[in-house]
1. Identify, by number, the condition in (1) at pLDDT below 85; (2) at negative phi that residue 90 doesn't meet.
2. Output the qualifying pairs, or none if there are none: Cβ atoms under 7 angstrom, residues six or more apart or on different chains, first residue in the range 79-98 and under 12 Å from residue 66 (Cβ atoms), second residue open to solvent by 30 Å² or more (accessible area, probe 1.4 Å) and among the basic types (Lys, Arg).
3. Provide a single number: the residues in the range 131-162 that are modelled with pLDDT of 75 or more and of a type in the set (Val, Ile, Thr).
4. Conditions: (1) closer than 21 Å to residue 120 by Cβ; (2) surrounded by 20 or more Cβ atoms within 10 Å (Cβ to Cβ). Residue 73 meets all but one. Number of the miss?
5. Tell me which residues, restricted to the range 3-31, are closer than 12 Å to residue 44 by Cβ and acidic (Asp, Glu).
6. How many residues are open to solvent by 10 Å² or more (accessible area, probe 1.4 Å) and within 11 Å of the chain's Cα centre (by Cα) when one looks only at the range 19-44?
Amino acid sequence: MVGTSIVDVVEHAGGWLFDRAIAGWEVTVLVADLADSRPLRILGAEVLDLESVLSASGQGRRPDALGIASAVCQQDSRAHRGVLKALRDGGVEVVVWGEDWSTPPEHRVDPVLHRLSMAAQAFKAQALTAAAALSVAVGSTEIFRSGATLVPQVAADLMPVG
């Protein structure tokens, strides 16, 4: 997961992140500000510095799934290139949240939703409280845009919107 901030990740993808972690996935979140990573640790994620990973130029672990805020793609050309590469290469589930990034026409990215488990809703609420984001409501779903339909064995927890 790559977000603009800890609150961004928890608010938009915290339930999906938790449900993946509880299902046994190794979940890593990249953010620029590591001041208080407790909200993400509540959800079961390891937290790393975004800049150190982006400056490694693709060296290191290859993810099975990539969740990213569209704002990160707008703000950092390295992140944008990485998402396009993941979409082009296939085999990596790509999930984007936010409205300010458009996918090039050659990449199929459809709206999908994740239904949060009851536990995910409870843990997301606790993570939002720890992040002092008390005005954010916890719903039963999170909506993304995804190339998940191309990697069905990975994205079984995402459903088409509509």
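The values are calculated or read from the model by the stated rules, or taken from the named source; none is laboratory data. Predicted, not measured: the structure shown is a model, and the values here were computed from it. Here Cβ is always computed from backbone atoms with ideal geometry, including for glycine, and neighbour counts include all displayed protein chains. The area values use the complete protein model at the heavy-atom level, side chains included, leaving out ligands, DNA and RNA. Shrake-Rupley method; radii C 1.70, N 1.55, O 1.52, S 1.80 Å.
1. The one condition residue 90 does not meet is (2).
2. The qualifying pairs are 96/145.
3. Final tally of qualifying residues: 5.
4. So the condition that residue 73 fails would be (1).
5. Across the range 3-31, the qualifying residues are 19, 26.
6. Summing the residues that are open to solvent by 10 Å² or more (accessible area, probe 1.4 Å) and within 11 Å of the chain's Cα centre (by Cα) in the range 19-44 gives 4.
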